[in-house]
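Below is one structure, written out as structure tokens, with a few remarks after it.
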Amino acid sequence: MEKSKTQRKKQIITKMHSVLKIQNKNKEEEKSTPEKTPLVGQRRYSFRRLFQPARSTSAPPSVALQMAAEAAGNSAAPLRSVFLGVDVGTGSARAGLFDANGKLLGFGSCAIQIWKEFDCIEQSSTDIWHAVCSAVKSACSHANVDGKEVAGIGFAATCSLVAVDSDGSPVTVSWSGDSRRNVIVWMDHRAVKQAERINASNSPVLQYCGGSLSPEMEPPKLLWVKENLKESWSMAFRWMDLSDWLSYRSLCTTVCKWTYLGHAHLDQLNQENSRGMEACGWDDDFWEEIGLGRSVAFPGHPLGSGLKPDAAQELGLEAGTPVGTSLIDAHAGGVGVLESVPASDVGCEADENEAICRRMVLVCGTSTCHMAVSQSKLFIPGVWGPFWSAMVPQYWLTEGGQSATGALLDHIIENHVASPQLANCAASEGTTVYALLNKVLESMMQELNPLFVSALTKDLHVLPDFHGNRSPIADPNVKGMVSGLTLDTDEKQLALLYLATIQSIAYGTRHIIEQCNANGHKIDTLLACGGLAKNPLYIQEHADITGYPVILPRENESVLLGAAILGSVAAKKYPSLNEAMKALNASGQVIHPSKDPSVKKYHDAKYKIFRDLYEKQISYRSIMAEALA
């Protein structure tokens, strides 16, 4: 009986397909020139055109199709709604596919090339794009996802600066003249002097950057190119943040690294008006004063008509797939984790609006970014912001940061005599150097029997500003310091230096939080994501040193999830970015600070030394400046 029903269904569908083929053939004969679409440049076989009624007395094809569908039932499974997030970090391009519950389905990554010469750090946008394509295809393959299933795409990237000419071809930003090197990487510090000159202008714009521009921001870098690479300056037609180059232009990147004043358009909050807000946010006097001349849309706003055919082909996706306005990678991490709190912590809407302002997101990678939002405008000396709607719509963003954290730990480990042997052991055991160092510390605990593991570093103190201080001192000229070195070169000494460096990074986070809370914030909960968040020692030290619980999200790839959320909003699967965050964020483990009062007493003492190291360096700097005057 069931078999005969199935056969009947197939017969009906076959007949309907025959009718449609005949009607389509007639249409093709009537119109010899195929209609083009601006998206795919091929014959347009849209349902509206394909199923247009023919001149006959038979039922319209749409009705016939409906009859066939009813007869066939639900034999064809609908396509899944899968969201793609792409993140370009300092060392690699990564892609992640997420389902409608925010669960990671597949992941792919591909290394990208980087050139480092003194303070100049450069990349190639061409190389980055090839890496993105490779990562996306790898993620789709691992997740067994067809390109047609991707409902929306979001891009995130470092706030690196891309230069292209009128044809979109790379324009060199390098002393070498190599045209491939058209990206000034975010951590590039070539424009320190330009930043100092801009800060001397005392423009009112600077109050929205913590009182001063960092050389990591875009205006000083632009001014450096104008003054040092005049041919490149004349050739460049577009200067874009890397995330904007990957998708289009986003409100977030111009607000945070270009001095765009996002709050200037408070009367234009809806998406329909986001295209017309550009003129409100630029301070023309500021750009004219610093000697530079200057499209904006909200995060997740759908761009154009979706993915272009050539890009779609290179990515292995469908042309026309919605693309959301991009975000800086750290802000995408905030979008991917800020609502990742246990269900017990979620209250009424009024409580939620207050609770979200008590959280700080730590995106822990090569550097660490510290993001907190507020309902009112808070100016924090030495901390970037406030930026209106830069991360979460209708909230002010405060952004602190440490320019080198993961990069600092790598530097400390890789430049130690014991590093090669430790790396070989890690490779043979199929683990990481970090995991081995954690084991060394555990064995030292049993051997030396201190009160707690942190006490192992009582004689070793580190100032982690090896690449300057971004927040809250905002001094790019600060140098790193280590007090307590000996002639020991074994793995135990490296483990102690590793632990002391982790602690110094956590003391820097405590300093940022204290500065924020002293100026209006009420932060009492941390949410951490990124590569360093996978290290249990790193997270526990942050909980103990700050005194606040640290929530880890269910999906550690929060930057990719945040980018995917942008794609979900562009695909109109959710009415707003806020709703998408609530639907796709989910909490994981919660790490609480130690309840042992001796742990707090110990870290309070080391924190005092940490703060004093900077003051000592400033005094040393003054002594030497006077000697050389």
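When you look at residue 166, is it outside any helix (DSSP H, G or I), at pLDDT below 95 and loosely packed, with under 15 Cβ neighbours inside 10 Å, yes or no?
Against the criterion (outside any helix (DSSP H, G or I), at pLDDT below 95 and loosely packed, with under 15 Cβ neighbours inside 10 Å), residue 166 qualifies.
What number of residues within the range 362-385 are under 21 Å from residue 466 (Cα atoms) and in a strand (DSSP E or B)?
Final tally of qualifying residues: 7.
Those residues that are touching a helix residue (DSSP H, G or I) at 6+ places or on another chain (Cβ under 6 Å), part of a loop (DSSP other than H, G, I, E, B) and more than 20 Å from residue 121 (Cα to Cα), I need them from the range 386-423; list them, please.
Of everything in the range 386-423, those that are touching a helix residue (DSSP H, G or I) at 6+ places or on another chain (Cβ under 6 Å), part of a loop (DSSP other than H, G, I, E, B) and more than 20 Å from residue 121 (Cα to Cα) turn out to be 389, 390, 391, 393, 416, 418.
Report, by residue number, each residue of the range 235-258 that is assigned to a helix (DSSP H, G or I), polar (S, T, N, Q) and at pLDDT below 90.
253, 254
Specify the residue that is farthest from residue 301 (Cα to Cα); the eligible residues are those in the range 583-602 that are basic (Lys, Arg) and exposed (fewer than 15 other Cβ atoms within 10 Å of the Cβ).
The residue in question is 601.
Any residue in the range 209-234 that's aliphatic (A, V, I, L, M) and modelled with pLDDT under 95: show its pairings with residues that are buried (at least 20 other Cβ atoms within 10 Å of the Cβ) and part of a helix (DSSP H, G or I) at Cβ separation under 7 Å, as long as the two are six or more apart or on different chains.
213/195; 213/198; 213/219; 213/220; 217/257
Could you tell me which of the residues 346, 335 is in contact with a helix residue (DSSP H, G or I) (Cβ under 8 Å, 6 or more places away or on another chain) and either at pLDDT below 95 or under 21 Å from residue 547 (Cα atoms) (or both)?
Unique residue meeting the criteria: 346.
In the range 424-438, what residues are surrounded by 13 or more Cβ atoms within 10 Å (Cβ to Cβ) and assigned to a helix (DSSP H, G or I)?
425, 426, 433, 434, 435, 436, 437, 438
Being among the small types (Gly, Ala, Ser), over 27 Å from the mean Cα position of the chain (by Cα) and farther than 16 Å from residue 591 by Cβ: is that true of residue 474 here?
Answer is no for this residue.
Under the condition of being assigned to a helix (DSSP H, G or I) and polar (S, T, N, Q), which residue from the range 563-591 is modelled with the highest pLDDT?
Going through the qualifying residues, I end up with 568.
Can we say residue 507 is surrounded by fewer than 23 Cβ atoms within 10 Å (Cβ to Cβ), closer than 20 Å to residue 363 by Cβ and not aliphatic (A, V, I, L, M)?
no
Exactly one of these conditions fails for residue 96: (1) within 30 Å of residue 175 (Cα to Cα); (2) in contact with an Asp or Glu (Cβ under 8 Å, 6 or more places away or on another chain); (3) outside any loop (DSSP other than H, G, I, E, B). Give me its number.
(1)
Which of the following residues is touching a strand residue (DSSP E or B) at 6+ places or on another chain (Cβ under 7 Å), surrounded by fewer than 22 Cβ atoms within 10 Å (Cβ to Cβ), closer than 28 Å to residue 371 by Cα and among the β-branched types (Val, Ile, Thr): 523, 512?
523
I need a count of the residues in the range 175-223 that are assigned to a helix (DSSP H, G or I) and under 22 Å from residue 126 (Cβ atoms).
Matching residues across the range 175-223 total 3.
Scan the range 134-158 for residues that are within 22 Å of residue 328 (Cα to Cα) and assigned to a helix (DSSP H, G or I) and report the count.
Qualifying residue count for the region: 4.
I'd like to verify a number: residues in the range 529-572 that are among the basic types (Lys, Arg) and out of contact with any strand residue (DSSP E or B) (no Cβ under 7 Å at 6 or more places or on another chain), how many?
Adding up the residues that qualify gives 2.
Within the range 538-562, count every residue that is surrounded by fewer than 19 Cβ atoms within 10 Å (Cβ to Cβ) and either part of a helix (DSSP H, G or I) or of a type in the set (Phe, Trp, Tyr) (or both).
0
Just to be sure, is residue 533 surrounded by 14 or more Cβ atoms within 10 Å (Cβ to Cβ), within 21 Å of the chain's Cα centre (by Cα) and assigned to a strand (DSSP E or B)?
Judged against the criteria, residue 533 is not a match.
Give the residues of the range 586-629 that are among the polar types (S, T, N, Q) and over 34 Å from the mean Cα position of the chain (by Cα), sorted by residue number.
Matches in the range 586-629: 598, 619, 622.
Among the residues that make up the range 484-499, is at least one of them outside any helix (DSSP H, G or I), under 30 Å from residue 381 (Cα atoms) and either of a type in the set (Gly, Ala, Ser) or in contact with a Ser or Thr (Cβ under 9 Å, 6 or more places away or on another chain) (or both)?
Within the range 484-499 (the criterion being outside any helix (DSSP H, G or I), under 30 Å from residue 381 (Cα atoms) and either of a type in the set (Gly, Ala, Ser) or in contact with a Ser or Thr (Cβ under 9 Å, 6 or more places away or on another chain) (or both)), the answer is no, since none of the residues qualifies.
Which of the following residues is aliphatic (A, V, I, L, M) and under 22 Å from residue 581 (Cα atoms): 151, 163, 143?
Result: 151 is the single residue among 151, 163, 143 that is aliphatic (A, V, I, L, M) and under 22 Å from residue 581 (Cα atoms).
Take the conditions small (Gly, Ala, Ser) and buried (at least 18 other Cβ atoms within 10 Å of the Cβ) and apply them to residue 580. Does it pass?
Against the criterion (small (Gly, Ala, Ser) and buried (at least 18 other Cβ atoms within 10 Å of the Cβ)), residue 580 qualifies.
The values are calculated or read from the model by the stated rules, or taken from the named source; none is laboratory data. Remember, it's a predicted structure, so these values are computed and weren't measured experimentally. When we count neighbours, we look across all protein chains shown, and the Cβ atoms used for this are built from the backbone with ideal geometry, even at glycine.
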